[in-house]
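Novice: Here's a structure for you.
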Amino acid sequence: MQATPFLMPTKVTVLNNGPLRVEGEFIVVDAAGAEFGLAGRTTIGFCRCGLSENKPFCDGSHGRQGFQSTCEARELPPPKPKV
Ligand code: FES
């Protein structure tokens, strides 16, 4: 697997049994495009268990509820062409 040569890539880590941890330079917007205020954070955990009371952010509920998911890196198929 060959990494894409970004100068400062934003890193997304799929944590075992937990959130998606995003690190680097990024913004978070809602469906209407309004930006969340992140108070200078450069690392955020996004809920992927569906149990957070603070979606889209992780609030630790995954651990209390026993969420289990382990994802190993893999190659995705090419995207389908848009018609
Ligand atoms: S992944 Fe942490 S609360 Fe859902």
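Novice: With all protein chains present, how much of the accessible area of the chain (probe radius 1.4 Å) comes from carbon and sulfur, to the nearest whole percent?
Specialist: Details: 3780 of 6900 Å².
Using a 1.4 Å probe with all protein chains present, the chain comes out at 55 percent carbon and sulfur.
Novice: Send over the per residue convex hull volume for the chain, Cα only, as a whole number of Å³. Write down the numbers at each step before the final one.
Specialist: Numbers: hull volume 13.1 nm³, N = 83.
Hull volume over Cα atoms, normalised by residue count, gives 157 Å³.
Novice: Ok, one more. Run the helix sum for the chain: -39,500 (n - 2.57) per DSSP H stretch of 4+ residues, divided by residue count, reported at 222 nm to the nearest 500 deg cm²/dmol. Don't skip to the end; give the middle numbers.
Specialist: On the way: 1 runs with 5 residues, N = 83.
Mean residue ellipticity, 222 nm, calculated: -1000 deg cm²/dmol.
Novice: Please go through the chain and write out the GluC sites (Glu not before Pro) that DSSP classes as loop and that have at most 12 other C-beta atoms within 10 Å.
Specialist: Working: sites: GLU23, GLU25, GLU35, GLU53, GLU72, GLU75; in loops: GLU25, GLU53, GLU72, GLU75.
Of the GluC sites (Glu not before Pro), the ones in loops of the chain whose Cβ has at most 12 other Cβ atoms within 10 Å are GLU25, GLU53, GLU72, GLU75.
The values are calculated or read from the model by the stated rules, or taken from the named source; none is laboratory data. Treat the numbers as computed from the prediction; the structure is a model and nothing was measured. All Cβ positions, glycine included, derive from the backbone under ideal geometry; neighbour counts span all protein chains shown. When the accessible area is computed, the model is the full protein with side chains, heavy atoms only, and any ligands, DNA or RNA have been set aside. Shrake-Rupley method; radii C 1.70, N 1.55, O 1.52, S 1.80 Å.
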